[in-house]
Amino acid sequence: MAEKNKRDGFGSKIGIIAAAAGSAVGLGNIYRFPCVAGENGGGAFLIVYLVIVLTLGIPMMIGEFILGRRAQKNPVGTFKALAPSAKGWSLIGYMGVLCAFLIIAFYSTVAGWTIESVYKSVINYYHGKDLATIEQGFNDSINMTVRPLLWQAVFIFISAFVIAKGISKGIEKYSKILMPILIIILLILCVKSILLPGAYEGLKFFFKPDFSKISRQVITSALGQVFFSMSLGMGALITYGSYISKKDNLVTTSLMVGLSDTFVAILAGVIIFPAAFSFGIRPEAGPSLAFNTLPMLFNQMNGGYFFCLIFFILLVIAAWTSALSLLEVIVSYLTEELNLSRKKATIYSSVGAFIISILAAMSLHDGSSLTIFGFTIFDSLDKITSMVFMTLGGLFTVLFLGWKIKKQDFEDEFTNSGTVNIRLKKIFYYIIKFIAPAAIAVIMASQFLM
Ligand code: PFF
């Protein structure tokens with residue numbers, strides 16, 4: 001089965017770090033992180049977020065890499081291969097594939113807004129406009145019928161194109177150079193933003209935690225955001241793990257990927273909140289926060305036209321490298337488990353995701369009745385994937401790692417057959433076996449208790 005589609009691999013260590021960071025860093029960092037942090041009290045959210053990244057996020061990333069590299073398979077095949085007598089565990093893999101599919105649907109809608117922003121930058125639309133006009137323009141764009149759909153079709157198409165070409169030729173090549181450029185632009189924007197009048201209030205909002213604001217909702221939202229941002233709990237990193245060479249150190253790789261992802265999210269906060277406070281935009285403005293705040297910031301800069309254009313192009317690319325990993329989850333499943341050709345698998349998954357993404361986009365139109373339990377389809381997809389599927393997937397993944405697979409498999413992968421990280425082994429095993437499942441289960445259960 002798998003032999004027919006020979007497994008590709010990452011060519012170098014920097015390749016896997018770049019590709020995994022490419023999956024992690026995306027709209028989740030620059031659009032979703034400030035949005036969720038703004039809605040959940042700023043500093044209080046940040047502190048909970050950081051604690052979760054360090055105690056759960058990074059260990060879970062190592063854990064997913066362990067599974068993928070051990071099994072050398074897609075998420076469904078991984079659970080089947082590592083516990084052949086307990087087929088039920090492969091349901092986690094199926095849930096991951098479904099989750100990837102649903103994420104692409106709303107992710108491409110936001111990517112579409114980003115392409116719209118590139119278009120607006122090209123025609124110099126933002127120049128000299130005040131906040132009310134930019135906000136109105138954002139609303140009008142979302143309410144258009146054809147244009148948002150066209151942009152998201154373009155987005156899914158370019159992602160499908162790279163995926164159809166295969167791993168090392170595709171993902172690695174594009175990820176390697178672009179991430180550093182994005183970080184440089186973000187650093188310049190940080191400096192610009194904190195020099196704005198009134199920026200201090202924004203910095204205070206983001207960095208000064210009001211501990212009384214830490215509620216169950218803040219903790220659950222932070223957990224969901226960590227999973228979303230680090231691409232955890234739905235098989236993306238299992239899939240990438242299956243392409244990592246046996247020589248790579250999974251601990252250092254995960255630390256580098258996890259910390260760069262968190263660094264970019266913090267940079268986004270340092271850009272958005274000071275600027276938002278300075279321009280009088282509410283931090284809890286929701287999904288439009290980044291899309292209205294950033295153009296206002298560019299309007300204040302020398303060379304704003306240039307920065308705005310480059311920034312939004314890079315953001316599309318960051319979204320694109322994330323979408324690649326989402327599509328790869330589905331495509332690796334379809335090729336290895338259902339024996340489809342890579343081309344067919346890519347066409348089916350991207351066309352399917354595009355159809356759902358149409359509903360997601362249309363559900364945001366003013367007065368749309370495309371809702372589920374009172375939430376728009378867009379919001380429902382966003383919430384259900386990060387706060388249910390990914391967290392549940394993460395919970396079962398750590399249970400699987402800690403209690404189901406052979407301890408020897410676990411240790412061999414963690415230590416590269418006894419050559420690295422020997423001393424960390426015990427503590428890591430303890431986290432995966434006891435702490436991580438207990439913490440995720442408690443946080444998830446707390447949502448349902450009054
Ligand atoms: N981590 C990506 C982001 O922050 O934009 C989103 C994502 C990509 C989630 C891949 C899940 C995934 F498998």
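The values are calculated or read from the model by the stated rules, or taken from the named source; none is laboratory data. These figures come from a predicted structure and were not determined experimentally. Positions of Cβ are generated from backbone atoms using ideal geometry, with glycine treated the same way; all protein chains shown enter the neighbour counts.
Cβ-Cβ contacts under 8 Å between residues 6 or more apart (or on different chains), taken from a first residue in the stretch 366-392 that is of a type outside the set (Gly, Ala, Ser) to a second residue that is assigned to a strand (DSSP E or B) and away from the ligand (no atom under 14 Å from the Cβ), are listed as LEU370/THR376; ILE377/THR371; LYS383/PHE375.
Tell me the helices (runs of 4 or more DSSP H) entirely within the stretch 396-450 that contain at least 1 residues that are β-branched (Val, Ile, Thr) and out of contact with any helix residue (DSSP H, G or I) (no Cβ under 8 Å at 6 or more places or on another chain). Show your work before the answer.
Working: elements: 407-415, 425-430, 436-446.
By residue number, 425-430, 436-446.
Pick from LEU401, LEU315: which is within 13 Å of the ligand (Cβ to nearest atom) and buried (at least 22 other Cβ atoms within 10 Å of the Cβ)?
After ruling out the rest, the residue left standing is LEU315.
Every residue, every condition in (1) aromatic (Phe, Trp, Tyr); (2) farther than 26 Å from ILE52 by Cα, yes or no:
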site: LEU327; (1), (2): no, yes
site: GLU337; (1), (2): no, yes
site: PHE354; (1), (2): yes, yes
site: THR376; (1), (2): no, yes
site: ASP379; (1), (2): no, no
site: MET390; (1), (2): no, no
site: THR397; (1), (2): no, no
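State whether the residues of the stretch 236-249 include one that is within 16 Å of the ligand (Cβ to nearest atom), under 21 Å from GLY43 (Cβ atoms) and crowded, with 21+ Cβ neighbours inside 10 Å. Scanning the stretch 236-249 turns up no residue that is within 16 Å of the ligand (Cβ to nearest atom), under 21 Å from GLY43 (Cβ atoms) and crowded, with 21+ Cβ neighbours inside 10 Å. All conditions but one from (1) among the aliphatic types (A, V, I, L, M); (2) within 15 Å of the ligand (Cβ to nearest atom); (3) surrounded by 24 or more Cβ atoms within 10 Å (Cβ to Cβ) apply to LEU294; the one that does not is (2). One residue alone among ILE92, ILE104 is closer than 30 Å to ALA290 by Cβ and buried (at least 21 other Cβ atoms within 10 Å of the Cβ), and that residue is ILE104. All but one of (1) loosely packed, with under 11 Cβ neighbours inside 10 Å; (2) within 28 Å of the chain's Cα centre (by Cα) hold for LYS426; which doesn't? Unmet condition: (2). Please verify whether GLU172 is at pLDDT below 95 and not β-branched (Val, Ile, Thr), treating the condition exactly as stated. Judged against the criteria, GLU172 is a match.
Hey, among the residues in the stretch 362-382 that are among the small types (Gly, Ala, Ser) and not in a helix (DSSP H, G or I), which one's farthest from GLY112 (Cα to Cα)? So that I can check it myself, show each step before the final result.
Applying the first criterion (among the small types (Gly, Ala, Ser)) to the stretch 362-382 yields 363, 367-369, 374, 380.
Filter once more, so that each one left must be not in a helix (DSSP H, G or I): 363, 367-369, 374.
Details: SER363: 15, GLY367: 21, SER368: 19, SER369: 21, GLY374: 24 Å.
My answer is GLY374.
Every condition in (1) within 24 Å of GLY15 (Cβ to Cβ); (2) more than 16 Å from the ligand (Cβ to nearest atom) holds for VAL270 except the one numbered (1). If you go through the stretch 374-433 and pick out every residue that is charged (D, E, K, R) and closer than 18 Å to SER254 by Cα, you end up with 6.
For residues in the stretch 121-146 being part of a helix (DSSP H, G or I) and aliphatic (A, V, I, L, M), which is surrounded by the fewest Cβ atoms within 10 Å (Cβ to Cβ)?
First pass over the stretch 121-146, keeping only residues part of a helix (DSSP H, G or I): 121-122, 131-143.
Restricting the remaining residues to those that are aliphatic (A, V, I, L, M) gives 122, 131-132, 134, 142.
Numbers: VAL122: 13, LEU131: 15, ALA132: 9, ILE134: 23, ILE142: 21.
Per the criteria, the residue is ALA132.
Residue-by-condition table, conditions (1) acidic (Asp, Glu); (2) over 26 Å from PHE155 (Cα atoms); (3) surrounded by 21 or more Cβ atoms within 10 Å (Cβ to Cβ); (4) within 16 Å of the ligand (Cβ to nearest atom):
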{"residue": "PRO274", "(1), (2), (3), (4)": "no, yes, yes, no"}
{"residue": "SER322", "(1), (2), (3), (4)": "no, no, yes, yes"}
{"residue": "LEU326", "(1), (2), (3), (4)": "no, no, yes, yes"}
{"residue": "THR335", "(1), (2), (3), (4)": "no, no, yes, no"}
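Can we say PRO180 is exposed (fewer than 13 other Cβ atoms within 10 Å of the Cβ) and within 23 Å of the chain's Cα centre (by Cα)?
Details: exposed (fewer than 13 other Cβ atoms within 10 Å of the Cβ): yes; within 23 Å of the chain's Cα centre (by Cα): yes.
Taking the combined requirement at face value, the residue satisfies it.
Residue check: GLU116 meets all listed conditions (1) surrounded by 13 or more Cβ atoms within 10 Å (Cβ to Cβ); (2) at pLDDT below 95; (3) charged (D, E, K, R) but one, namely (2).
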